[in-house]
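Read through the structure below, which is laid out as structure tokens, and then see the notes.
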Amino acid sequence: MKRAGLLLYLGVLLFTLTLSFSLTSFAADDRDRDSVVDVNRDASKPTKKIALTFDDGPNREATPRILKILEKYDVKATFFVVGWRVYNFRDLILNMVQNGHEIGNHSYDHPYLNKLKDDEIKKQLQMTNTAIEKVAGIKVTLYRPPYASYDDRVLSIGSDLSMELALWTINPEDWRSPGKEIIISRILRDAQDGSIVLLHDKTQTAEALPTLIESLKEQGFELVTVSELLKTP
Ligand SMILES: [Zn+2]
């Protein structure tokens, strides 16, 4: 009796194992079917998108270095520029446009927009758009308020000017100059598909850029402009 019980137990166990194996095979077949699609896809093609953004420029120290590195790696980025600087560094603005980078509005002289009166907010944004339009002949569609200082009034004035608010999802605090290694590791730690990285036209940021770009590319990221990122479904 004891022996029959053991045999029954073994029988049930075998049946269960066979059943679960067949089910697993089914699941594996499904996976195989999916992976056929994956195999046909070019494995070297990036699958994730990330946008590097550079605020507060242009300036004569860091901006030319950043532009050179981006060009070397064939990477497109977005520059949120300060209006008065646009007139002072026309050549750099033109370089950005010629190399396929995006230019966004970062106000005329970097105030807290939410502390200004409505007409002053409008002036900050409009004067910067005018500067970019005069120098580069392009219409700006994105704006980023300095210090992310926005409220309902800023948002409504921005949309009156047909512009979209563009903040960020990763802030490595590069403006504090914490060292290029820290800037890189903070970004790599948080990078994911759809991330927007807040950077600045600063020397350490330029120094961090080659390794940062190489690492992101190795991880399968395509580096795109903010508008390109936002239009991705
Ligand atoms: Zn700023």
How long, wide and thick is the stretch 97-170, going by the Cα atoms along their three principal axes, in whole angstroms, largest first? 35, 30, 20
Taking the Cα atoms of the stretch 48-231 alone, what are Rg (to one decimal) and Dmax (as a whole number) in Å? 15.5, 47
Positive end of the dipole of the stretch 88-173, charges at C-beta (+1 Lys, Arg; -1 Asp, Glu), about the Cα centre: which of Gly100, Trp168, Asn114 has its Cα farthest in that direction? Gly100
Extension gain from Tyr112 to Glu173, taking 0.36 nm per residue of separation minus the Cα-Cα distance: 20.1 nm
Using a Förster distance of 30 Å, how high is the FRET efficiency between Gln98 and Lys217, based on the Cβ-Cβ distance and rounded to 0.05? 0.85
Pair Asp151, Asn88: separation of 7 Å Cα→Cβ label points (nm): 3.0
If R0 = 35 Å, then Arg189 and Arg65, at their Cβ-Cβ distance, give a FRET efficiency to the nearest 0.05 of 0.90
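Every number here is computed from the coordinates shown, using simple stated rules; none is lab data. Here the structure is a predicted model, which means the values were calculated and not measured. Neighbour counts are summed over all protein chains in view; Cβ atoms, including those assigned to glycine, are modelled from backbone coordinates with ideal geometry.
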